Amino acid sequence: MAGTGVNGVIEHMTGFFPTGRDRGVTVAVEGFFAFVWFGWGQAAAPAWLVAPLAVGAGLSVLLAVAGVVMAKRSAGRLRVMADPKARRRYSIIVGLEFGLLGAGAAVLGTTGQYRWIPVWICAGVGLHFFPLATTLDNRSLRLLGSLLVAVAAVALTAGLASATDPSTVTGVGAGLCLLGFGLATLLIRGRARFKSGEPAQ
């Protein structure tokens, strides 16, 4: 009974993650940005946290490489490349994200509030996942976006209420979220295909 329950959960979760080449690209992108956040988290981290963050960064690199290999071995085109409308929406969303985050970071930097830049970036990245979830047909991005916004809120609170640097909180929180979702995309989808006998994608 327990095995049946676990299998049911896995089958339900498979529709939560992308398939085909989109799956590989998602794993690669989430792995890469997990590496970036773990690295940023080391900027002002206490000495005891540097090694765990470095381990997280190393695991993220391995995940990104696995995603690249998976994408190259997968058949078909990326959803965003195959659909002109999706490609246009994707370009608009990402363009706005880069523009707004860059402008906000510039304002914070020039006004001496640079310690809040990781909070701004983390929140913005999380929010942009909501429209991307529909554009890329990847429901997992909504939950990931919610978690990143929550991480940004915790980092803001910690920065205001304690001596903890916000970049430490966002580094750990965003890094773990992205690494976890990348691993889930890789493993849950892969296990479901193995059990169903479908060819790997």
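The values are calculated or read from the model by the stated rules, or taken from the named source; none is laboratory data. Because the structure is a prediction, the values reported are computed rather than measured. Every residue, glycine as well, gets a Cβ built from its backbone with ideal geometry; the counts of neighbours run over all protein chains shown.
Could you tell me whether segment 80-94 includes any residue that is of a type in the set (Asp, Glu) and in contact with a His (Cβ under 8 Å, 6 or more places away or on another chain)?
no
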Inset, instruction - Within segment 75-108, work out how many residues are under 19 Å from Leu127 (Cα atoms), of a type in the set (D, E, K, R) and touching a residue at least 40 places away in the same chain (Cβ under 8 Å). - result: 1
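On the given criteria, is Leu78 in contact with a helix residue (DSSP H, G or I) (Cβ under 8 Å, 6 or more places away or on another chain) and either surrounded by 15 or more Cβ atoms within 10 Å (Cβ to Cβ) or at pLDDT below 95 (or both)?
yes
Here is a yes/no grid of residues against (1) more than 16 Å from the chain's Cα centre (by Cα); (2) not β-branched (Val, Ile, Thr):
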| position | (1), (2) |
| --- | --- |
| Trp37 | no, yes |
| Arg73 | yes, yes |
| Arg87 | yes, yes |
| Glu97 | no, yes |
| Gln113 | yes, yes |
| Val125 | no, no |
| Phe129 | no, yes |
| Leu132 | no, yes |
